[in-house]
Amino acid sequence: MQNSNLTRLAIAATLHCLTGCAIGEVLGMVIGTALGWSGLATILLAVALAFLFGYALTVRPVLRSGLPLRTAIGVALAADTVSIAVMEVVDNAVMLAVPGAMDARLTDRLFWVSLLVALAVAFVVTVPVNRALIGRGRGHAVVHSYHHGAGRQADHHGTAGHDPADHPGATGHDPAPADHDHHAGR
């Protein structure tokens, strides 16, 4: 895969990850802050919700490709765990590093600016991680194998008909034709 195509795919995968992480992170931070929870409890809730929403945003289009729920969950775990974990570590490290951010109220500008900066930094750090994973046929490349080709898996180059054994994490399942853009509807 050409470097520019690999980078574009990594950016798209990271934006996908950021969407789920941001939904969970913002929701967790808002709930924890509104309830007056400690910083640790708030972060734990935000991380749990970030993983939940991140995986859910991957499972939905994979299910549309015809895979059963259990297999779709496995694909989501293989595709997104490293990306979400990196994003969450960086995001929460930034939130903890900004003086007063974890103690700020929902009405404080510091809370929202810190959260936006944390998510932006996490995105920048996670793009090269996803690029490396996709370049090795891992991470979001696993999801792409269920979104190309009629009745066949596609490799991370977008060509159908490869040997599933060439892609660790691919199940070899013969999925139904799928929507080619798994980022649509997000």
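This table checks each residue for (1) under 16 Å from A101 (Cα atoms); (2) outside any helix (DSSP H, G or I).
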residue: S4; (1), (2): no, no
residue: R8; (1), (2): no, no
residue: A13; (1), (2): no, no
residue: C17; (1), (2): no, no
residue: C21; (1), (2): no, no
residue: E25; (1), (2): yes, no
residue: G32; (1), (2): yes, no
residue: G36; (1), (2): yes, yes
residue: A41; (1), (2): yes, no
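R60: at negative phi, of a type outside the set (A, V, I, L, M, F, W, C) and modelled with pLDDT of 95 or more, yes or no? The answer is no for R60.
Applying a threshold of 6 Å to beta carbon distances and a minimum spacing of six or more residues, or different chains, the list of pairs starting in region 70-87 at a residue that is within 10 Å of T58 (Cβ to Cβ) and ending at one that is open to solvent by 10 Å² or more (accessible area, probe 1.4 Å) and not in a helix (DSSP H, G or I) reads A78/G169. For residues in region 79-105 being of a type outside the set (A, V, I, L, M, F, W, C) and part of a helix (DSSP H, G or I), which is most open to solvent (accessible area, probe 1.4 Å)? Once the filter is applied, the top-ranked residue is T81.
Here's the yes/no breakdown for (1) surrounded by 21 or more Cβ atoms within 10 Å (Cβ to Cβ); (2) modelled with pLDDT of 90 or more; (3) under 14 Å from the mean Cα position of the chain (by Cα):
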residue: G20; (1), (2), (3): yes, yes, yes
residue: G24; (1), (2), (3): yes, yes, yes
residue: L27; (1), (2), (3): no, yes, no
residue: L45; (1), (2), (3): no, yes, no
residue: A56; (1), (2), (3): no, yes, yes
residue: R64; (1), (2), (3): no, no, no
residue: T71; (1), (2), (3): no, yes, no
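Looking only at region 9-33, residues that are closer than 15 Å to L115 by Cα and of a type outside the set (V, I, T) come to 10 in all.
Restricting A50, A72 to those that are over 19 Å from L116 (Cβ atoms) and in a helix (DSSP H, G or I) reduces the list to A72. Suppose we filter A34, A50, A118, A76 for residues that are of a type in the set (A, V, I, L, M) and surrounded by fewer than 21 Cβ atoms within 10 Å (Cβ to Cβ); which single one remains? After ruling out the rest, the residue left standing is A34.
The values are calculated or read from the model by the stated rules, or taken from the named source; none is laboratory data. Note that the structure is a prediction, hence the values are computed from the model and not measured. We place every Cβ from the backbone using ideal geometry, glycine too, and count neighbours over all the protein chains shown. Side chains are part of the model used for accessible areas, which takes the heavy atoms of the whole protein and leaves out ligands, DNA and RNA. Shrake-Rupley method; radii C 1.70, N 1.55, O 1.52, S 1.80 Å.
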